[in-house]
1. With a probe of 1.4 Å, find how much accessible area the chain has per residue, and write the answer as a whole number in Å².
2. Could you give the alpha-carbon Rg of the chain over 2.2 N^0.38 Å, rounded to two decimals?
3. Calculate what fraction, in whole %, of the accessible area of the stretch 1-64 sits on carbon and sulfur atoms when a 1.4 Å probe is rolled over the protein chains.
4. Amide H neighbours of residue 9 under 5 Å, at least 5 residues apart or on other chains, H built in the peptide plane: list them.
5. Please compute the contact order of the chain in relative form: average sequence separation of alpha-carbon pairs under 8 Å and at least six residues apart, divided by the residue count, as a percent.
6. Measure out, as a whole number of angstrom, how far apart the alpha-carbon centroids of the stretch 46-66 and the stretch 1-20 sit.
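The values are calculated or read from the model by the stated rules, or taken from the named source; none is laboratory data. Remember, predicted model here, so these are calculated numbers, not experimental data. Side chains are part of the model used for accessible areas, which takes the heavy atoms of the whole protein and leaves out ligands, DNA and RNA. Shrake-Rupley method; radii C 1.70, N 1.55, O 1.52, S 1.80 Å.
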Amino acid sequence: MSEPLRVLLIGKSPGDLGEMLCECGRDVELIHRERPENGFAAVSGGGIDVVLLDLDLTGGQGAAVFDRLR
């Protein structure tokens with residue numbers, strides 16, 4: 001059995017995102033961090049396969065967070 005796809009969401013509440021991701025045909029582990037700095041910590045720890053970023057973060061910082069993640 002393959003490892004679950006580890007998806008990090010940085011931003012607002014995931015709502016139904018976890019359910020939608022489960023429909024992709026793989027086991028998915030959704031990790032939610034509301035604050036960008038907590039998201040950076042999760043990414044730096046390794047093991048994240050996909051990052052979903054809310055570009056409409058408070059204070060218009062979405063683009064800056066995107067640049068830092070690249």
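1. Accessible area per residue: 69 Å².
2. The value comes to 1.11.
3. Ligands and nucleic acids excluded, carbon and sulfur give 50 percent.
4. Result for residue 9 returns 31, 32, 33, 52.
5. It comes to 39 percent, rounded to a whole number.
6. So the separation of the two Cα centres works out to 14 Å.
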